[in-house]
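The values are calculated or read from the model by the stated rules, or taken from the named source; none is laboratory data. Since the structure is predicted, the reported quantities are computational estimates derived from the model, not experimental observations. Every residue, glycine as well, gets a Cβ built from its backbone with ideal geometry; the counts of neighbours run over all protein chains shown. Just so you know, the surface numbers come from the protein's heavy atoms only, side chains and all, with ligands and any DNA or RNA stripped out. Shrake-Rupley method; radii C 1.70, N 1.55, O 1.52, S 1.80 Å.
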Amino acid sequence: MNRKNFLKTTLASAFALSGLNSFSFSLRRSYNDKLPKLTLDEVVLESAPFSLAALPYGPESLEPNIDKLTMEIHHGRHHKAYVDNLNKAIVGTPYEKLSLWDILKEAGKAPAAIRNNAGGHWNHTFFWNVMSPKGGGTPKGELLEEINKTFGSFDKFKEEFAKAGTTRFGSGWAWLIVQDKKLVITSTPNQDNPLMDVAEKKGSPILGLDVWEHAYYLKYQNKRADYITAFWNVVNWDAVSKNFENITK
């Protein structure tokens, strides 16, 4: 066996032992195509049983900023687990008849399993929809004007948003929200979000960033700041602007 074939065989064996190779094979694009194509609005209004919606793009589409394997694991395992566990947690409870939106509004009264998994389901659905393979650049129109007015400049906004993400201790999220018709940057722990009654700063999210380690560790290891820098290359500013318009109109 020559050196080239030896290396190929060795690497293949290592991936097989780790389980990553078989997982990647099982979660090729066909897995995404078989899931329901639900919009964010449809997910918010959905009641039990909740379902995992397909990604709005292929899991490889955000490379090189967010790699395919991370997207497959993040969506196909982590997000799916929130949906599955939420469906289990609400069985036989009053929450079984509520929409996801209604659960979020009263999250502080809900058992931890319902609060965490409902938040995880909404947060991730929102997150997928504010990214795009054609993302990046800068926002336009009224949103850019409001960002410049509130933060001084787009670059200053990015610095403050990145700070919210890097300084969030442990797991959580960074958000740009509309609060009383003004833009506010905030962060939440775990799977909480600003829609919840327990949020320190309440408001309507128009942009969100997952800073749990599972969102970036395969590619960026412990370099969360590098992951946040790469995130700007995939932000779907058209979607963020639409969120802003819907809330402020």
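Label positions at V198 and E142, each projected 7 Å from the Cα along the C-beta direction, are separated by 3.4 nm. At q = 0.10 Å⁻¹ the log10 of I(q)/I(0) for the chain amounts to -0.51, computed by Debye summation with a single uniform scatterer per C-alpha, solvent ignored. Checking the a/c ratio against 1.5 first, then a/b against b/c, what shape does the Cα gyration tensor give for segment 150-239? It is oblate, given that a/c is not under 1.5 and a/b is not larger than b/c. Divide the volume of the convex hull around the Cα atoms of segment 55-198 by the residue count and you get 131 Å³ per residue. Once both labels are positioned 7 Å from their Cα atoms along Cα-to-Cβ, the gap between E63 and A113 label points is 3.8 nm.
With all pairs of separate Cα atoms included, segment 208-249 yields a Kirkwood hydrodynamic radius of 11.7 Å.
In summary, the convex hull built on the alpha carbon positions of segment 132-202 has an orientation-averaged projected area of 5.6 nm². Sorting L86, L52 by accessible area puts them as L52, L86; the probe is 1.4 Å, largest comes first, and only protein heavy atoms count. For the chain, the Cβ-based charge dipole about the Cα centre amounts to some 700 debye (Lys, Arg positive; Asp, Glu negative; other atoms uncharged). In plain terms, the chain from K181 to T93 could stretch by 28.1 nm, reckoned as 0.36 nm per residue minus the Cα-Cα distance. Backbone phi angles across segment 93-98, fed through the Karplus curve with coefficients 6.51, -1.76 and 1.60 (θ = phi - 60°), yield HN-Hα couplings of 10, x, 5, 5, 9, 8 Hz in residue order; Gly and Pro are listed as x. In whole Å, what is the distance between the alpha-carbon centres of segment 140-170 and segment 85-127? That distance is 29 Å. Rounded to the nearest 500, the 222 nm mean residue ellipticity of the chain from helices alone is -14000 deg cm²/dmol, with -39,500 (n - 2.57) taken per DSSP H run of at least 4 residues. Can you give me the angle between helix 237-248 and the longest principal axis of the chain, using Cα atoms only, in degrees from 0 to 90, rounded to the nearest 10? Tilt of helix 237-248: around 20 degrees. Could you work out how far helix 141-151 tilts from the main Cα principal axis of the chain, as a 0 to 90 degree angle to the nearest 10? Helix 141-151 and the main axis of the chain meet at about 80 degrees. Computed from Cα atoms, the angle from the helix 112-129 axis to the main principal axis of the chain rounds to 80 degrees.
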